[in-house]
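The values are calculated or read from the model by the stated rules, or taken from the named source; none is laboratory data. None of these values were measured; they are calculated from a predicted model. All Cβ positions, glycine included, derive from the backbone under ideal geometry; neighbour counts span all protein chains shown. When the accessible area is computed, the model is the full protein with side chains, heavy atoms only, and any ligands, DNA or RNA have been set aside. Shrake-Rupley method; radii C 1.70, N 1.55, O 1.52, S 1.80 Å.
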Amino acid sequence: MTAASHLCPERELFLHGLADNELDAANALAVEGHMQICPGCAAAYNDILRQKQLLKGDGLRFRAPESLRARVHAMIAEEPGAKTETYAPAKITRIVQRRFHFGGAGAAFSAMALAASLMRFVYSPSRSPLLDDQLVAAHVRSLLVSHLTDVASSDQHTVKPWFLGKLDFAPSVIDLAQNGYPLQGGRLDYIGGRVVPALVYKRHGHVINLFLWPERKVAVPAQTLDGYHIVSWTQGGFVYAAVSDLNLTELQEFRQDLEKALSFN
Amino acid sequence: MQGSILSSESDTARRGEHTAVFEAMVLAHLNSAYTLARYLTRRSDVAEDIVQDAILRAYRGFDGQRGENVRAWLLAIVRNCFLTWKAKEVQGSEASPDAEGGEPSPAYSGGEGMTLETPESILIEQQQNGAIRSVIESLPHPFRETLVLRDIEDMSYRDIAEITGVPIGTVMSRLARARKMFAASWKGTEMTSFMGKLP
């Protein structure tokens with residue numbers, strides 16, 4: 001991969017994400033646009049695709065030996081409580097359908113329905129990449145993929161330095177534990193085509209994602225999107241956007257408490 | 001939790017159903033489990049033991065409600081079984097130069113079932129696959145497993161994060177590094193033994 005040395009280091013993970021079809025529409029467009037003007041990244045991307053192709057195919061997978069297969073079946077049959085009766089394939093299909101799609105599996109079904117409804121935010125390329133969508137999508141994503149925090153700490157003096165060198169601005173990090181919103185940590189996220197810090201707070205088990213970036217104009221009015229509230233304001237040259245499923249009143253209180261704390265900062 | 005389903009459902013028909021569902025839902029992924037175990041352990045005998053252990057644990061913990069993500073769940077168990085084995089292995093042989101106790105298997109230099117009558121194109125493909133496997137096996141564990149889960153087992157970043165118990169950002173950076181390591185190593189292999197042989 002000779003071209004690898006000429007790629008833009010900050011784009012590297014995006015190139016892989018694009019090759020793996022793991023980027024949302026906005027980020028995919030941004031990377032594709034960048035590759036039009038950056039031959040180094042374009043070459044590196046082609047190398048990634050070529051290598052993925054090399055590793056694709058069943059030739060590199062292993063087939064479980066028949067002896068292992070037989071041992072595993074025998075082992076299960078001998079497990080206490082297991083019954084050795086063999087089911088006809090049709091019956092198994094019926095059982096599986098019953099368990100996993102229809103009867104008795106209310107929890108599984110509603111989880112699937114929930115996941116499907118969330119997918120709309122995370123993956124739908126047809127939806128215009130509006131800022132409010134992106135904020136809610138980032139919030140949902142943080143809950144879905146057990147990627148709530150990159151730095152998990154309730155100490156603002158640990159979280160703030162973690163962002164140094166990762167951003168081109170220094171975010172204010174304030175713990176609001178004494179107001180009932182303990183800081184959980186922070187992570188990097190991508191909103192509006194840029195890397196932004198997300199600070200994570202909790203309130204009675206509800207997660208609040210606070211995104212901030214330097215800008216003078218409020219880009220998002222307070223609103224509710226599919227059950228998630230967004231409260232946004234500008235302060236000290238930064239836009240703050242808090243996203244949560246917490247009730248709107250408490251989210252507004254969170255905003256007021258944070259505004260006050262920031263003004264003393 | 002383990003076994004509670006079986007003890008509470010004393011009805012034998014239900015147990016049979018439990019087994020049938022398990023076989024249809026979980027054993028369908030036996031090849032995936034074995035592939036991961038082979039790449040993790042780099043030894044076929046240990047891989048078989050680990051898969052057997054993992055299936056037993058999976059069977060005892062199976063609640064029949066796992067839906068779509070049954071493969072990721074099984075692979076996470078395989079990985080845990082591997083880590084348990086690895087910890088014992090390191091403890092048991094302090095003097096071992098290889099901390100993972102693995103030894104590159106000579107079997108990879110050619111494909112299994114390779115015969116003299118094998119057409120040359122297949123032979124070359126088998127040799128290339130053997131060489132690719134060797135390069136993957138030479139990667140350190142976190143990078144090896146990330147690469148195998150993504151590019152060979154085709155798991156999503158989110159699934160890999162769950163299986164390996166790290167944030168998705170870590171998965172992404174490990175994957176990028178794993179691919180770079182593979183590329184560097186593969187380039188060397190290609191130069192020495194495959195130049196001119198491949199179409």
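Evaluate peptide B:42-51: per residue, the Cβ atoms of other protein chains within 10 Å of its Cβ; return the mean as an integer. Present the calculation step by step, with values, prior to reporting the outcome.
On the way: counts 0, 0, 3, 0, 0, 4, 6, 1, 0, 6.
Average neighbour count from other chains, rounded to a whole number: 2.
Modelled label positions at B:E120 and B:Q91, each set 7 Å beyond Cα in the direction of Cβ, lie 5.4 nm from each other.
Taking amide H atoms as placed 1.01 Å from N in the peptide plane, the amide H of A:Y190 lies under 5 Å from those of A:V196, each 5 or more residues away in sequence or on another chain.
With R₀ set to 30 Å, the beta-carbon distance separating A:N247 from A:S154 gives a calculated FRET efficiency near 0.80. Using the Karplus relation 6.51 cos²θ - 1.76 cosθ + 1.60 with θ = phi - 60°, the per-residue 3J(HN,Hα) values for the stretch B:72-88 come to 4, 5, 5, 5, 5, 5, 4, 5, 4, 4, 4, 5, 4, 4, 5, 4, 5 Hz, with x marking Gly and Pro.
Distance between the pseudo-spin-label points of B:L56 and A:A70 (7 Å out from Cα toward the beta carbon): 1.9 nm.
Run through the stretch A:162-265 and list the chymotrypsin sites (Phe, Trp or Tyr not before Pro) located in a DSSP loop whose Cβ has at most 14 other Cβ atoms within 10 Å. Sites meeting the loop and neighbour criteria: A:F169. For A:I208, the residues whose amide H sits under 5 Å from its own are A:Y201, A:K202, A:R203, ignoring neighbours fewer than 5 places away on the same chain, with H placed 1.01 Å from N.
Ignoring ligands, DNA and RNA, how much accessible area is buried between chains B and A, both sides summed, with a 1.4 Å probe, to the nearest 100 Å²? All intermediate terms of the calculation are to be shown ahead of the outcome.
On the way: alone 11540 and 16100 Å², together 22170 Å².
Buried surface at the B/A interface: approximately 5500 Å².
Each Lys or Arg adds one and each Asp or Glu takes one away; over the other residues whose Cβ falls under 10 Å from the Cβ of B:V46, this sums to 0.
Per-residue shielding of A:7-13, expressed as the average number of other chain Cβ atoms within 10 Å of the residue Cβ, stands at 2.
Quick check: residue separation of A:T234 and A:E79 times 0.36 nm, minus the Cα distance between them. What number comes out in nm? It would help to have the intermediate numbers written out before the result.
Numbers: separation 155, 0.36 × 155 = 55.80 nm, distance 6.27 nm.
Working it through step by step, the gained length comes to 49.5 nm.
Cα centroids of the stretch A:158-178 and the stretch B:131-185: how far apart, whole angstrom? Comparing the Cα centres of the stretch A:158-178 and the stretch B:131-185, I get a distance of 30 Å. If R0 is taken as 51 Å, the Cβ-Cβ distance between B:S138 and A:D226 corresponds to a FRET efficiency of 0.60.
Counting only protein chains, not ligands or nucleic acids, how are B:H29, A:H204 ordered by accessible area (probe 1.4 Å), most first? Mind showing how you got there, number by number?
Working: B:H29 45, A:H204 145 Å².
The ordering from most to least exposed comes out as A:H204, B:H29.
Under 11 Å from the Cβ of A:F169, count the other residues' Cβ atoms, weight Lys and Arg +1, Asp and Glu -1, and hand me the total.
Numbers: positive: A:K166, A:R194; negative: A:D168, A:E215.
Charge balance near A:F169 sits at 0.
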